[in-house]
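*Asks:* Sharing a structure, written as C-alpha cells. Questions coming.
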Amino acid sequence: MLPGFASRRRFSDLSEAEVLALAISSEEDDSRIYASYAERLRADYPAMAEMFDAMAAEENAHRRRLIDAYETRFGKVIPLIRREHVAGFYSRRPVWLVENLSLDRIRQEAERMEYESAAFYTRAAQASTDPSTRKLLGDLAAAEQKHEKKAEALVAGFETSDAGKEEGERAHRQFILTWVQPGLAGLMDGSVSTLAPIFATAFATQDTWTTFLVALAASVGAGISMGFTEAAHDDGVISGRGSPIKRGFASGIMTAAGGLGHALPYLIPHFWTATAIAGAVVFVELWAIAWIQNRYMETPFWRAAFQVVLGGSLVLAAGILIGGS
C-alpha cells in the first residue's frame, strides 16, 4: 500500500459532521488562495487585487456560517479533515506558487475553483442515499454555485470598468513587450536572414539533402544566437519588457521556426519541386510577418508589407544569383 493513500477516506464514508468540517477547511483554503492572488496583483493591478480581496472575504463569511451551523448541530470541536484526506475530492493546483503568474491564468484558476466546488457537491448530493446528508450536500452545492456566479460577475464587472480596461491594456502591452516583440524580431530574422544561404546552397549544389543540412544548421544556429542575445542584452527591469528568459525563448524559437519553414521542403528529393514549395513558404512567411506587424505593432499593413516583402525578395534574389552564378 502506498503511503498517503492508505489513510484516505472515501467521501461516501464520511459522516455529516465530517462533511461539514471538510467544507469549513475547504472554504478556509480558498479564502487564503484568493488572498494570495490579491497580494500578488496588488502592485501592478490594484483594482483586480481589490476584487480578489472581496472574494476572499466572501469565502471567510461562508466559512463562519458553516462553523455556526456545525457548532449548533455537533458542538465546538471541529475535526481536522482536508481535501487531501478524502479520496476523489477535488484538489487545488498550487499555481499561486508559480512565479510570474499571468493575470488571465489567475482569472481562469478562480473560475475553475468555484466551478469545481459546485460540481463536486452537486455530484456528491446526487450520489448520497441519506436524506439529511443529501440536503446538506445540496445546500453546499447551491452556495458554491452562487459563489461561481458571483466570481463571474465580479470578473465581468471588473473588465468593463475603467480600472479593468486600464489594467487589461497594461497586461496586453506587457504581452506585446515580452512575447510578441522579441518573437516577431526572431521570426523576421529567421525568415529573411536565412534566405540567402539556403537558396544559394540550393542553386549551387542542386542537392536537396545538402541544402536541408545547411538550412537546418543556419536556422538552429540563428535561433540559439538570437535567443541568447535577446536574453543577455536587457534584463527587463528598467525597460519593463519582462523576463529575459521568456523573451529569449520567444526570440530563439521564432528565429529557428522562421528558417525551418523554408528548410523543410528540401527533405523532398526532387530539387525543383522542393524549391517551388520553399518559395511558396517564403511568400507566406513574409506576408504573415507583415500581418503580425499590423496586428500587434500597429504598423500600417501596406507599409509593413512593402518593407518585409521587398526586403525578403531582395535577399532571396541575392541568394539565387550568388548560388546560380
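The values are calculated or read from the model by the stated rules, or taken from the named source; none is laboratory data. Nothing here was measured: the structure is a model prediction, and the numbers come from that model. Positions of Cβ are generated from backbone atoms using ideal geometry, with glycine treated the same way; all protein chains shown enter the neighbour counts.
*Asks:* ARG83 - would you say it is under 16 Å from LEU140 (Cβ atoms) and among the charged types (D, E, K, R)?
*Replies:* yes
*Asks:* If you don't mind, there's one more thing I want to ask. Look through ALA304, ALA318, ALA276, ALA280 and report the one residue that is touching a residue at least 40 places away in the same chain (Cβ under 8 Å) and either of a type outside the set (Ser, Thr, Tyr) or assigned to a helix (DSSP H, G or I) (or both). Working first, answer last.
*Replies:* Numbers: ALA304 fails: touching a residue at least 40 places away in the same chain (Cβ under 8 Å); ALA276 fails: touching a residue at least 40 places away in the same chain (Cβ under 8 Å); ALA280 fails: touching a residue at least 40 places away in the same chain (Cβ under 8 Å).
The conditions single out ALA318.
*Asks:* Separate question: Check PRO269, PRO265 and return the single one that is in the same structural domain as ILE320 (by TED's automatic domain parsing), at pLDDT 90 or above and in a loop (DSSP other than H, G, I, E, B). Show your work before the answer.
*Replies:* Numbers: PRO265 fails: in a loop (DSSP other than H, G, I, E, B).
Just a single option satisfies the conditions, and that option is PRO269.
*Asks:* Let me spell it out: the conditions are (1) touching a residue at least 40 places away in the same chain (Cβ under 8 Å); (2) assigned to a loop (DSSP other than H, G, I, E, B); (3) of a type in the set (S, T, N, Q), and THR255 meets all of them except one. Which number is the exception?
*Replies:* Against the list (1) touching a residue at least 40 places away in the same chain (Cβ under 8 Å); (2) assigned to a loop (DSSP other than H, G, I, E, B); (3) of a type in the set (S, T, N, Q), THR255 comes up short only on (2).
*Asks:* If a residue has to be among the small types (Gly, Ala, Ser) and surrounded by fewer than 13 Cβ atoms within 10 Å (Cβ to Cβ) to count, how many in the stretch 63-85 make the cut? Step through it out loud before you land on a result.
*Replies:* As a first pass, look at the stretch 63-85 and keep what is among the small types (Gly, Ala, Ser): 69, 75.
Filter once more, so that each one left must be surrounded by fewer than 13 Cβ atoms within 10 Å (Cβ to Cβ): 75.
Matching residues across the stretch 63-85 total 1.
*Asks:* Kindly indicate whether any position in the stretch 216-223 is closer than 17 Å to VAL315 by Cα and among the polar types (S, T, N, Q).
*Replies:* So far as the stretch 216-223 goes, yes, one or more of its residues are closer than 17 Å to VAL315 by Cα and among the polar types (S, T, N, Q).
*Asks:* Got a number for residues in the stretch 184-204 being crowded, with 24+ Cβ neighbours inside 10 Å and part of a helix (DSSP H, G or I)?
*Replies:* 8
*Asks:* In the stretch 281-292, is there at least one residue being under 13 Å from SER191 (Cα atoms), surrounded by fewer than 20 Cβ atoms within 10 Å (Cβ to Cβ) and of a type outside the set (A, V, I, L, M, F, W, C)?
*Replies:* no
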